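This report concerns only the one structure given below.
The values are calculated or read from the model by the stated rules, or taken from the named source; none is laboratory data. What you see is a predicted model; the values in this text were computed from it and never measured. With ideal geometry, Cβ positions are generated from the backbone for all residues, glycine too; neighbour counts draw on all protein chains shown.
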Amino acid sequence: YNGGIVLVNHGFANNNSTGYMSIYAESLLRQAANWSNNTLIPQTGLALLYHSQNRYSPALTAWRRSAVDSDYLIDWALKNWAAKQYEEALVWLQYAKNINPDSAEAYYWTGRIYNVMQQPDSAIIELQKASELAPNVRDIWYELAQAYQSSQAWDLALKTLIKAQAGTESYHYVGQSNVLFEIGFALQYNQISPDLDAAGAAYAHALQVNEFLTKPWQKANTYYQRGLLLALQGEWEAAQQEYEQALALNPNAYNVRISYARALRNGGQQQLAIDVLYAAIKLKPNNIEAIILLGDFYYWDNEMEIALNLYKQAAHLAPTDKDIKQRLEVVGHALSQ
């Protein structure tokens, strides 16, 4: 059967000009499967051949006959996940689910991919099935909560995160701190009944536990969200400290720099706030938020010419923005007096 494998590996099945070679490869592999007691290699070759031709039903049949397990197929899916080939990854995960309908991990990865593809309704279906198959796996509940958040179902997200917190098993993608961060986030941004005190406590607990695993960026985001909560309460110096911690972990965090500048300004450190915004503009020169805010700072300090130039710079980047046009009119009127 080596001839069939060689032909498949050389990609003849994908070459329309040598289509007869794929027929030859299929013939050799079928013959090998009939002759050999070990069907793994020839049936795997057939499965890969059919898959390359988008013949998914015979590919699945070949996978079944090869006796490979679902983990092998999930590994193929994860290679495509890593390459951001999500549709292709879903095909491999469907193979895995057909081979092993009890594979919670196959449903988990399918749901996770749907979350990345911003299809939360599909993600919810897959992840609910995964949670039924493996109710103690933290990662599954966490990902399901992400889907609920994307659907603005904040109460369901919070209930699901509490189940994640109780999970005693893990695929090692989600730590307790990741769950606690999301609990805080759901409490903070619940538009029906936000609980800012409880959100702050969840963030504090997340930092105390310090188990962020494969999502280290979320630690910086935890400090950032704590800073936003403190800023809402007018505790500008405390907010500044949280933003500084976030920037120490992620110096390129544009949104953190903007919030930090606001906190510095409100805390009486006008010049440092201006310096922070200039650094943010240098970091992302095509983003208008820092440019507009810097213009506002100069406007409040009665530096109208500088404010006007900054608003013009923002208008060049976003010529249809109504807020920028309004600012230009206000400053233009002030300069004409």
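Points to keep in mind about this one:
- Per-region count, region 200-251, residues small (Gly, Ala, Ser) and under 12 Å from VAL179 (Cα atoms): 2
- Count - residues of region 184-198 that are in contact (Cβ under 8 Å) with a residue 24 or more places away in the chain, part of a loop (DSSP other than H, G, I, E, B) and either surrounded by 10 or more Cβ atoms within 10 Å (Cβ to Cβ) or touching a strand residue (DSSP E or B) at 6+ places or on another chain (Cβ under 8 Å) (or both): 1
- Subset of region 147-178 [more than 16 Å from the chain's Cα centre (by Cα), outside any helix (DSSP H, G or I) and among the aliphatic types (A, V, I, L, M)]: ALA153
- Of all residues in region 63-75 being of a type in the set (A, V, I, L, M, F, W, C) and under 16 Å from LEU46 (Cα atoms), the one that is nearest to the chain's Cα centre (by Cα): LEU73
- Scan of region 120-174 for residues that are of a type in the set (Phe, Trp, Tyr) and modelled with pLDDT under 95, ordered by number: TRP154, TYR171, TYR173
- Qualifying residues in region 214-258 (those that are of a type in the set (D, E, K, R) and assigned to a helix (DSSP H, G or I)) - the one nearest to ASP296 (Cα to Cα): ARG257
- Highlighted here are the helices (runs of 4 or more DSSP H) found entirely within region 40-146 that include at least 2 residues which are touching a residue at least 24 places away in the same chain (Cβ under 8 Å) and closer than 25 Å to SER170 by Cβ: 70-82, 86-99, 104-116, 120-133.
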